[in-house]
């Protein structure tokens, strides 16, 4: 366990727009954090289950899922499946999540189900002092501001926002920001934006440079210095059920995620010292 960290940190990877690199960021950030000694759980909250596939858990092997955890049918520790990377686990997602909002619409505790499950997990870990506890949970959110995303944000210490370096990149970001502020005001007053990561960046194009400048002007120092380049190897890796750090460690995408993990750890240290 990292010496600077006393408690579990829960980070949501969220953006209501699809195709911005949320799942890729969750998978590869989790891999990079595990590679530097953190014990990481990636929680797949997207009904498409792409994070599960990208970490090598096929649909037929998902007997317990994030829906099982939300429904109270399994604990997060019971549902966690080891990935190919040491210290990295995934709680798989599948289509069962589609019905969650409808099924729990009248449940007064509906927004807190994931938070309560992760709180219970910490108690379960404290009861097992001989086992190394999880130090990070990364939640891969669906591309919408639905009850699944609300559960993720209520359970989280902070949010990581991937923003694609393409036209309309800022579309919807203000709405996500408003949602975060609403949750801070009513459900999770400690929630913060940990940072904004620019994805699919192509430094050769004027559009990427222009979008990057706009995002930095909008979010200021919340934007990470590291940008994730548009890289075919990053796009290929999930079809092989591997994070990019396993599929091609030396490619620019792998190296970018290693740098991003280092930046995030530095911000985490600062946040923990300030707490």
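Only the coordinates and a few stated rules stand behind these numbers; no lab work does. Please read all numbers here as calculations on a predicted model, not as lab measurements. Neighbour counts run over all protein chains shown; Cβ positions are idealised from the backbone, glycine included.
Here is how the numbers come out for the structure above:
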quantity: P(r) of segment 56-127 over all Cα-Cα pairs, binned every 10 Å from zero, in whole percent; calculated: 19, 47, 28, 5, 0
quantity: Longest to shortest principal axis, alpha-carbon extents of the chain, angstrom; calculated: 51, 40, 38
quantity: Footprinting exposure proxy for 247, 136 (fewest neighbouring C-beta atoms within 10 Å first); calculated: 247, 136
quantity: Cα gyration tensor shape of segment 126-275, rounded if a/c is under 1.5, else prolate or oblate by comparing a/b with b/c; calculated: oblate
quantity: Most mobile listed residue (60, 220, 18) in the chain, GNM with C-alpha springs under 10 Å; calculated: 60
quantity: Pair residue 262, residue 95: separation of 7 Å Cα→Cβ label points (nm); calculated: 4.4 nm
quantity: Relative contact order, percent, the chain [alpha-carbon distance under 8 Å, six or more residues apart]; calculated: 25 percent
quantity: Residues 176, 29 arranged by fewest to most Cβ contacts within 10 Å; calculated: 176, 29
quantity: As computed over segment 177-253, the Cα convex hull volume per residue (Å³); calculated: 136 Å³
quantity: Order of 244, 160, 193 - criterion: other Cβ atoms within 10 Å of each residue's Cβ, fewest first; calculated: 193, 160, 244
quantity: Mean separation of Cα contacts under 8 Å, 6 or more apart, over the residue count of segment 98-205: relative contact order %; calculated: 28 percent
quantity: Directionally averaged projected area (convex hull, Cα atoms, segment 124-169), nm²; calculated: 4.8 nm²
quantity: Directionally averaged shadow of segment 26-89, computed from the convex hull of its alpha-carbon atoms, nm²; calculated: 4.0 nm²
quantity: Relative contact order for segment 214-275, counting Cα pairs under 8 Å that sit 6 or more residues apart, in percent; calculated: 31 percent
